[in-house]
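All of the numbers you see were taken from the coordinates with simple rules; none came from a lab. None of the values given here were measured: they were computed from a predicted structure. All Cβ positions, even for glycine, are placed from backbone atoms using ideal geometry, and neighbour counts span all protein chains on display.
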Amino acid sequence: DQQVKQNSPSLSVQEGRISILNCDYTNSMFDYFLWYKKYPAEGPTFLISISSIKDKNEDGRFTVFLNKSAKHLSLHIVPSQPGDSAVYFCAASNKLIIQGAQKLVFGQGTRLTINP
Amino acid sequence: DGGITQSPKYLFRKEGQNVTLSCEQNLNHDAMYWYRQDPGQGLRLIYYSQIVNDFQKGDIAEGYSVSREKKESFPLTVTSAQKNPTAFYLCASSTPGVAGYNEQFFGPGTRLTVL
């Protein structure tokens, strides 16, 4: 049972344009969502997060939108740069599941390629 | 310079041998985690630990064991009982934030290949 899904395995965007990565979840108890960026053979790097009390969070070129009724979140990168080429994972959590430690459920990832 | 170190980066073992993957953090984080990544899949939680001398099974704990004798160390042993051990293994740590939420910080990973 895949609780967090990224239905697009790959996405190709031209440099300077907007990249939009999507993520859907099924568990309505999730109340905290994160996006990670991962280069090959390296560990994921935290990008941005959003709690369920918000519908938007912005950090520089990165904006995450949360639509709770649709159980959908998206990551917008604008403008896209060549260094943004990586695999992006969305993750979800319910802080009530564990106190202290936090169990994250990850999507399968979307490979983003920025073309010059 | 705080962070998480995992060693070695690449590890080869013969089938049937146990192998231990190292994870050390100097971030003073209480919680530590082990994940496994397979091609085309997301990260799956193997084990996690909230504090020293305590750890819990994640979603795919069968064939693995851990220990947490020190706050900064959380080694993972892949035993011969793990049916498909070849994978990329990631260690992470976290500490509760102001609102109780926190992001996990990941190490560089260890690629284990069982021959």
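Going down the list A:Lys56/B:Lys71; A:Lys38/A:Lys68; A:Lys5/B:Lys71; A:Lys103/B:Lys71; A:Lys5/A:Lys38, which pairs span over 24 Å between their C-alpha atoms?
A:Lys56/B:Lys71; A:Lys38/A:Lys68; A:Lys5/B:Lys71
When the scattering of chain B is computed by the Debye formula from its Cα atoms alone, each counted once and equally, what is log10 I(q)/I(0) at q = 0.11, 0.15, 0.22 Å⁻¹?
Each listed q corresponds, in turn, to -0.32, -0.60, -1.26.
A:His72 versus A:Asn7, label points 7 Å from Cα toward the beta carbon: distance in nm?
Computed distance between label sites A:His72 and A:Asn7 equals 0.8 nm.
Which three extents, in angstrom, do the Cα atoms of segment B:45-109 have along their principal axes, listed largest first?
On the principal axes, segment B:45-109 reaches 41, 23, 20 Å in Cα extent.
What's the longest uninterrupted piece of chain B once you rule out the trypsin sites (Lys or Arg not before Pro) that are loop residues per DSSP with at most 12 other Cβ within 10 Å?
By the stated rule (loop sites, at most 12 other Cβ atoms within 10 Å), B:15-82.
If all Cα-Cα distances of the protein assembly as shown are sorted into 10 Å bins from 0 onward, what percent lands in each bin, rounded to whole numbers?
8, 33, 36, 20, 4, 0
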